[in-house]
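Here's the structure, in structure tokens; my notes come after.
The values are calculated or read from the model by the stated rules, or taken from the named source; none is laboratory data. These numbers were taken from a predicted model, which means no experiment stands behind them. No Cβ is skipped: glycine too gets one built from the backbone with ideal geometry, and neighbour counts run over all protein chains shown. The area values use the complete protein model at the heavy-atom level, side chains included, leaving out ligands, DNA and RNA. Shrake-Rupley method; radii C 1.70, N 1.55, O 1.52, S 1.80 Å.
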Amino acid sequence: VRRAVVLALAALIAGSAVAGAGYAIDTEPATSAPKGVLGPGTVTVRVGIQHSRYNIERLTVRPGTTVRFVLDNNDPINHELIVGPPEVHRRHERGGEPFHPPVPGEVSVGAGGRAFTLYTFDDPGDVVFACHLPGHLAYGMSGTITVISSPAT
Ligand SMILES: [Cu+2]
């Protein structure tokens, strides 16, 4: 696995010319929500993975938003997306789970693959998402979803 991380680092350096590839956020159904604050309801967020990084580091949602994460892994190594409260991340960081069955907010995505997971954000505050494969979180494979306090704004 250490070799895989090194490979990913090498890919990062080699791939710097293509950095900045965009990502898209689709909302389903279309809402009149101001750009940048998603929900409430179900929204689809496409998350690209390249060079052991998510291409989204921060999202803002309203309470009562179910995010359908669509993960596209553009790396030649496995990754995962774990969304949830701190205890969920502690459990995964202790390791031992190289593959995740489809639990809401927890999904593995194989090399070059696509995967989906759903997670509902109800309580205001920050929720972390991360990849807990060895070394990936330390490398920077994480982000934050902020749930704003008011559903009406
Ligand atoms: Cu990873």
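Observations
- Ranked by the mean number of other Cβ atoms within 10 Å of their residues, highest first, the peptides 104-113, 43-52 come out as 43-52, 104-113.
- Here the Debye sum runs over all C-alpha atoms of segment 61-153 as equal scatterers in vacuum, and log10 of I(q)/I(0) at q = 0.11, 0.12, 0.20, 0.21 Å⁻¹ comes out as -0.31, -0.37, -0.96, -1.04.
- Expressed as a whole percent, the accessible area of segment 53-153 that falls on carbon and sulfur atoms is 56 (1.4 Å probe).
- Approximating the spin labels as points 7 Å out from Cα along Cα→Cβ, the VAL103-to-THR120 distance works out to 1.8 nm.
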